[in-house]
Structures are given as structure tokens and as C-alpha cells.
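**Q** Dropping the structure in here first, questions after.
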Amino acid sequence: MLKGSTLQGCIESVPSAYPLTLKTIMVAVLALLLALVALYVISRKALTTRGNIYLLVGLPDGGKTTIFSALTFNQALPSHMSLQANSSNVTASSGKTVRVVDIPGHPRIRDQFREHLQDLRGIMFVVDSNSVSRNGAAVAEHLHLILDAVTSIPPSQTPPHVLIVAHKADMLKAATSSTASETAVTRVRGALERELEKRRVTQAQGVGMDGLGEEGDRVEMGGLETVSGKGPFKFTEWEGGDITFVGSFVRAGEKDDEKQQNGISALQDWIAESS
Ligand SMILES: Nc1nc2c(ncn2[C@@H]2O[C@H](COP(=O)(O)OP(=O)(O)OP(=O)(O)O)[C@@H](O)[C@H]2O)c(=O)[nH]1
Ligand SMILES: *[C@@H]1O[C@H](CO)[C@@H](O)[C@H](O)[C@H]1NC(C)=O
Ligand SMILES: *[C@@H]1O[C@H](CO)[C@@H](O)[C@H](O)[C@H]1NC(C)=O
Ligand SMILES: [Mg+2]
């Protein structure tokens, strides 16, 4: 009779155990779904915090908006002084889509670049290579602000790539556009190294600098440290990372078809490689 009662107990326990198993399965499935949703959300967040913003910065009239339209529409649209930042999604030749933000050079607006520091992947500092010998000091003052901001980015964040664009190379006298680009780069690099060295020396002497008054009471500004810890300032020795130079030009009102030389191809290659 012992055998029979065990069997009976077994049979009796089936109806109560069965719904429990179903419940367990349902809970497990629900937990799995929740885990999948959480994983999706986390991976989305990880992607967005990586940063895919490329800024166009520099003095007014340098050609930022012209480059912005060339990148966005493959076309040089006529442009006037910008009073507002603008952005667009640009697909690089690598297939990656990045967000390009054009920050006007007007002194009241140029500081808006700081709003994008967290999502920054690259900074394009646009310089008019024709006027840089004349207004090198003003260009260097603006670049100093940028380099200071870049070196102030917390180490937990990947530092942005920095590109200095020697623009309007078409206005330089040169046999070919590639030698024009080289000349533009040489000019811009030379003028900026000279002017940044002046700022570095002035700062080391503890004398106040021009142009800092607008920013408030900030006296200490970094961003010009060299690897060797001494001058003269050289871009190749910059402690904040690598700085790339390219020459460029966009001829106003011309459509950039296949036959015509693309004056911003080096800039586009840099975006593709760094994105
Ligand atoms: N020759 C020549 N002119 C250019 C080139 N790129 C831009 N320009 C002209 O330079 C002027 C200023 O260009 P913008 O693109 O408006 O300059 P910006 O840097 O956006 O100036 P802000 O918006 O004031 O900060 C315009 O008249 C352009 O047509 C170039 O490669 N070559
Ligand atoms: C801003 O950029 C968009 C492209 O993303 C363009 O269509 C629009 O005309 C630009 N606006 C201004 C004010 O330049
Ligand atoms: C660019 O892409 C973002 C999302 O990646 C989107 O929110 C935004 O509307 C897009 N902007 C334009 C001008 O297409
Ligand atoms: Mg503009």
C-alpha cells in the first residue's frame, strides 16, 4: 500500500506544481525581456556619449559657413556674417555620419563652442591664410581659447582631434593648387607659432593678456604647454595631442562636380579618418 500512496501523492501534487512551473517560466521570460531592454538603452547611451560633433570655429570672415555649405550641400553658397550657430548631418566618405556645427566668429557668439565640449570628436579651426600675417595676434588669441578648452577636458573623455584649416588657398599666388595649399599651411603655421609663443612668454611673465577681459576675471589660461616644457612654441610639441594642418579653398558660387578640383578634399579625408 505504500507504493500506491506514493503514486497517489505524486498524482495529487501534479495539478499544484504545474501552474507554479508556468509562473516560473513567465517570470523568467519577463526578466529576460527587461534585461534586453536595459541592454539596448545602455548601448544607445554608450554610442551617444562617444561624441560625433565636429565644430567649425575661427575669426569672422574666415570661411566657416562656406566650408559648412560645401560639406553639407557640395556647393559653395554665398555667405554673409553669421549671427547664429547652425548644424547639419554630414556623411563622411568612410560611411560614418557626423554632426558638423558652424559657430560664428563674432566675439559675442564664438564662446558657444563650449556647449558642445562633451560630445566633441573634432575641432576645425578655420584661418584665412591671406590675412593671417596681418591679424595673426587676433587669430592666435582665439586659438588660445580653443586650445585651453581642449586641454581642460576631463581625462575620462576622449580628447577631440584638432585640425587647423589654412583656408582661401586659392588667393595665394602658386603654380598649382597643391603648392598653394602647402604655402597656405606654411604661412598659417608660422604666423600662429610666432603669435602663440608671444602669448606663452607673456603668460609666463605673469602679465595680463589682451582679449581676456571679455571672458570675465579669468587670468590663468593653459593650453600652450609643450612636451619639453619650454619654448619656442611648436605645434609638433604641443602637449594636448596631435594637431593636423590642411590647406583648403572653396570657390564661391561654383558647384563641386567631378571634373573640378575639390578644394576641401583634405579636410573631408581628415573627417573620414578621425570619425
Ligand atoms: N577666395 C576665397 N574666398 C572665400 C573662400 N571661402 C570663403 N570665402 C569668402 O569669404 C567670405 C567669408 O566667408 P564665410 O564663410 O561667411 O565666413 P565665416 O567664417 O562663416 O564668417 P562668420 O560667420 O562671420 O564667422 C565670403 O565672402 C566667402 O565667399 C575661399 O576658399 N576662397
Ligand atoms: C542651416 O543648415 C541647414 C542644413 O543643415 C540649411 O538648410 C540652412 O539653410 C542653414 N541655415 C542657415 C540660417 O544658414
Ligand atoms: C541629424 O541627426 C539627428 C539624429 O542623429 C537628428 O535628431 C537631427 O534632426 C538631424 N538633423 C538634420 C538637419 O537632419
Ligand atoms: Mg559664418
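The values are calculated or read from the model by the stated rules, or taken from the named source; none is laboratory data. What you see is a predicted model; the values in this text were computed from it and never measured. Using ideal geometry, Cβ is built from the backbone for each residue, glycine included, and neighbour counts are taken over all protein chains shown.
**Q** Within the stretch 82-104, how many residues turn out to be farther than 20 Å from E273 by Cα, in contact with a Gly (Cβ under 9 Å, 6 or more places away or on another chain) and assigned to a strand (DSSP E or B)?
**A** Looking only at that region, the number is 0.
**Q** Still on this structure, I have one more. Hey, among the residues in the stretch 52-76 that are part of a loop (DSSP other than H, G, I, E, B) and farther than 24 Å from V132 by Cβ, which one's nearest to ligand 3 (Cβ to nearest atom)?
**A** The first filter runs over the stretch 52-76 and keeps only residues part of a loop (DSSP other than H, G, I, E, B), leaving 52, 58-63, 74, 76.
Narrowing further to those that are farther than 24 Å from V132 by Cβ: 52, 74.
Details: N52: 8, N74: 16 Å.
Filtering the stretch 52-76 for residues that are part of a loop (DSSP other than H, G, I, E, B) and farther than 24 Å from V132 by Cβ, the one nearest to ligand 3 (Cβ to nearest atom) comes out as N52.
**Q** For the list (1) in contact (Cβ under 8 Å) with a residue 12 or more places away in the chain; (2) not in a helix (DSSP H, G or I), I need the number of the one condition that E197 fails.
**A** (2)
**Q** So how many residues does the stretch 109-133 have that are surrounded by fewer than 20 Cβ atoms within 10 Å (Cβ to Cβ) and out of contact with any helix residue (DSSP H, G or I) (no Cβ under 9 Å at 6 or more places or on another chain)?
**A** Summing the residues that are surrounded by fewer than 20 Cβ atoms within 10 Å (Cβ to Cβ) and out of contact with any helix residue (DSSP H, G or I) (no Cβ under 9 Å at 6 or more places or on another chain) in the stretch 109-133 gives 4.
**Q** Ok, one more. What residue, of D61, D128, is within 21 Å of I271 (Cα to Cα), near ligand 1 (Cβ under 10 Å from one of its atoms) and in contact (Cβ under 8 Å) with a residue 60 or more places away in the chain?
**A** Values: D61 fails: within 21 Å of I271 (Cα to Cα).
The match here is D128.
**Q** Same structure, new question: Quick test of your reading of the structure: Q261 fulfils all but one of (1) at pLDDT 90 or above; (2) under 21 Å from E182 (Cβ atoms). Name the failing condition by number.
**A** (1)
**Q** Could I ask something else about it? Just to be sure I understand, how many residues within the stretch 51-87 are more than 9 Å from ligand 4 (Cβ to nearest atom) and among the small types (G, A, S)?
**A** 7
**Q** Further question: When the residues of the stretch 50-88 are filtered to those that are within 13 Å of the chain's Cα centre (by Cα) and either more than 23 Å from F249 (Cβ to Cβ) or within 11 Å of ligand 2 (Cβ to nearest atom) (or both), which remaining residue is surrounded by the fewest Cβ atoms within 10 Å (Cβ to Cβ)? I'd like the intermediate steps shown before the answer.
**A** Initially, the stretch 50-88 is screened for residues within 13 Å of the chain's Cα centre (by Cα), giving 50-57, 87.
Restricting the remaining residues to those that are either more than 23 Å from F249 (Cβ to Cβ) or within 11 Å of ligand 2 (Cβ to nearest atom) (or both) gives 50-53, 87.
Working: R50: 11, G51: 19, N52: 17, I53: 20, S87: 17.
Ranking the candidates gives R50 first.
**Q** Can you tell me which of V90, V100 is in contact with a strand residue (DSSP E or B) (Cβ under 9 Å, 6 or more places away or on another chain) and within 13 Å of ligand 4 (Cβ to nearest atom)? Break it down into steps so the answer makes sense when it comes.
**A** Values: V90 fails: within 13 Å of ligand 4 (Cβ to nearest atom).
That would be V100, the only listed residue that is in contact with a strand residue (DSSP E or B) (Cβ under 9 Å, 6 or more places away or on another chain) and within 13 Å of ligand 4 (Cβ to nearest atom).
Yes/no per residue for (1) modelled with pLDDT of 95 or more; (2) out of contact with any helix residue (DSSP H, G or I) (no Cβ under 7 Å at 6 or more places or on another chain):
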position: L147; (1), (2): yes, yes
position: S152; (1), (2): no, yes
position: S181; (1), (2): no, no
position: E193; (1), (2): yes, no
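**Q** Go through the stretch 92-102 and give me each residue that's more than 9 Å from ligand 2 (Cβ to nearest atom), surrounded by 12 or more Cβ atoms within 10 Å (Cβ to Cβ) and under 14 Å from W270 (Cα atoms).
**A** Residues of the stretch 92-102 more than 9 Å from ligand 2 (Cβ to nearest atom): 92-99, 101.
Imposing the further condition that a residue be surrounded by 12 or more Cβ atoms within 10 Å (Cβ to Cβ) reduces the set to 92-94, 96, 98-99, 101.
Scanning the stretch 92-102 gives A92, S93, S94, K96, V98.
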